[in-house]
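Step one of this worksheet: look at the structure below.
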Amino acid sequence: MTVNITGPNGYNNSMPTNGAGFYQFTDLCPGTYSVSVVTPAGYALTPVLSNDPNTDFDANNTRRQW
């Protein structure tokens, strides 16, 4: 899966997740960022498990801001 990130001053980057589904963007300057995922062909996202973004990501192809 590919993870996209956008942020301050036109920052835009993407990276694939590793085999366990993890990703990490480093050396980010302070600011507000939006993260989205690209679902691979033939796959679907899991349903929302909770309404608490502190316990899970609940990816749904919409952008989340932190």
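Remarks
- Members of segment 32-60 found to be within 12 Å of the chain's Cα centre (by Cα) and either hydroxyl-bearing (Ser, Thr, Tyr) or at pLDDT 85 or above (or both), listed by number: 33, 34, 35, 36, 37, 38, 39
- Looking only at segment 1-11, and only at residues there that are of a type outside the set (A, V, I, L, M) and surrounded by 10 or more Cβ atoms within 10 Å (Cβ to Cβ), the one that is nearest to the chain's Cα centre (by Cα): 4
- The number of residues in segment 19-40 being farther than 12 Å from residue 2 by Cβ and surrounded by 10 or more Cβ atoms within 10 Å (Cβ to Cβ) comes to 4.
The values are calculated or read from the model by the stated rules, or taken from the named source; none is laboratory data. These numbers come from a predicted model, not from an experiment. Glycine gets a Cβ as well: all are built from the backbone with ideal geometry, and neighbour counts include every protein chain shown.
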